[in-house]
1. What is the residue count in region 123-136 for residues that are touching a residue at least 24 places away in the same chain (Cβ under 8 Å) and either open to solvent by 50 Å² or more (accessible area, probe 1.4 Å) or part of a loop (DSSP other than H, G, I, E, B) (or both)?
2. Can you tell me which of (1) open to solvent by 70 Å² or more (accessible area, probe 1.4 Å); (2) in contact (Cβ under 8 Å) with a residue 24 or more places away in the chain is the one Asp120 doesn't meet?
3. Please state which one of Leu66, Leu94, Leu100, Leu38 is within 25 Å of Leu179 (Cα to Cα), open to solvent by less than 70 Å² (accessible area, probe 1.4 Å), free of Cβ contacts under 8 Å to residues at least 24 places away in the same chain and among the hydrophobic types (A, V, I, L, M, F, W, C).
4. Can you tell me how many residues within region 10-26 are without any contact (Cβ under 8 Å) to a residue 24 or more places away in the chain, in a helix (DSSP H, G or I) and surrounded by fewer than 18 Cβ atoms within 10 Å (Cβ to Cβ)?
5. Tell me, yes or no, whether region 41-62 has at least one residue that is surrounded by fewer than 18 Cβ atoms within 10 Å (Cβ to Cβ), of a type outside the set (Val, Ile, Thr) and in contact with a His (Cβ under 8 Å, 6 or more places away or on another chain).
6. Report the residue count in region 46-78 for those that are under 23 Å from Ala175 (Cβ atoms) and assigned to a helix (DSSP H, G or I).
7. Residues in region 117-129: is at least one closer than 21 Å to Leu6 by Cβ and among the β-branched types (Val, Ile, Thr)?
8. Considering each of Leu171, Leu166, Leu202 in turn, give the residue that is open to solvent by less than 90 Å² (accessible area, probe 1.4 Å), part of a helix (DSSP H, G or I), of a type in the set (A, V, I, L, M, F, W, C) and under 17 Å from Leu100 (Cα atoms).
Amino acid sequence: TAVWALAELADPRCATLLGSLLTRGSASPLYAEARRGLQRLGEVGILECMRLARANGARAQREGALFLAEAGRAEAAPALLSLLAEAPGDARVLFELSVLAGQDFQNEEHPETAAFEWWDLVVHDDALAWFLAGVERAGLRTPPREAFADGATLEGARLLVEAAALDQPELVERALRELERVLGRALVRAGAAERDEFLAGLRDEVERRFAR
């Protein structure tokens with residue numbers, strides 16, 4: 001299709017068009033390719049989704065914010081909070097905010113209140129700090145921030161695998177997304193029965209990657 005071709009082309013001049021297609025939502029047959037195209041645009045795609053996240057329309061704001069959240073960008077948080085204030089029952093927005101924050105808002109008695117209280121306490125531009133704080137609360141020792149410079153060092157990647165083995169779904173998902181960026185490939189989420197084998201494979205892959 002034409003949108004597939006646009007995604008393959010990865011031309012920064014197509015960012016606005018791809019963004020407009022993204023705002024049609026996941027029910028649109030063009031959505032997946034528009035999203036892929038924005039991902040292939042790298043920082044240009046991120047900037048387009050930042051524009052969408054600041055838009056007046058709720059649908060554009062939601063799609064832009066979700067894209068940014070999945071990319072681990074702190075800029076998603078204000079838009080997610082705004083969306084949550086308008087629709088506290090939006091489970092997808094609540095999940096993405098939990099993953100980005102490294103904190104489970106979903107099981108709070110008043111998720112919206114808990115999310116805004118978290119926002120009042122944290123720095124607003126450091127999604128890595130949010131994740132590392134969540135990992136520390138879960139009982140893991142975190143390496144210095146330098147371990148995550150330029151993606152991650154071996155030490156940083158090892159922590160991500162440890163975090164992927166935790167029992168908190170929001171931390172597991174964030175760790176796996178960060179590992180996807182480090183390893184340069186998508187990770188198929190494992191079911192409970194395959195989890196130990198999946199994690200062992202991740203550990204081996206990380207060690208091989210940094211042994212090069």
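1. 3
2. (2)
3. Values: Leu66 fails: free of Cβ contacts under 8 Å to residues at least 24 places away in the same chain; Leu100 fails: free of Cβ contacts under 8 Å to residues at least 24 places away in the same chain; Leu38 fails: free of Cβ contacts under 8 Å to residues at least 24 places away in the same chain.
On inspection, the qualifying residue turns out to be Leu94.
4. 3
5. no
6. Start the filter on region 46-78 by keeping residues that are under 23 Å from Ala175 (Cβ atoms), which leaves 46, 49, 65-77.
Remaining after also requiring assigned to a helix (DSSP H, G or I): 46, 49, 65-70, 76-77.
Of the residues in region 46-78, 10 are under 23 Å from Ala175 (Cβ atoms) and assigned to a helix (DSSP H, G or I).
7. Going residue by residue through region 117-129, those that are closer than 21 Å to Leu6 by Cβ are none.
Scanning region 117-129, I find no residue that is closer than 21 Å to Leu6 by Cβ and among the β-branched types (Val, Ile, Thr), so the answer is no.
8. Exactly one residue qualifies, and that residue is Leu171.
The values are calculated or read from the model by the stated rules, or taken from the named source; none is laboratory data. Everything numeric in this text was worked out from a predicted model, so none of it was measured. In this analysis, Cβ positions are derived from the backbone assuming ideal geometry, glycine residues included, and neighbour counts consider all displayed protein chains. Keep in mind that these areas ignore ligands, DNA and RNA; they rest on the heavy atoms of the full protein, side chains included. Shrake-Rupley method; radii C 1.70, N 1.55, O 1.52, S 1.80 Å.
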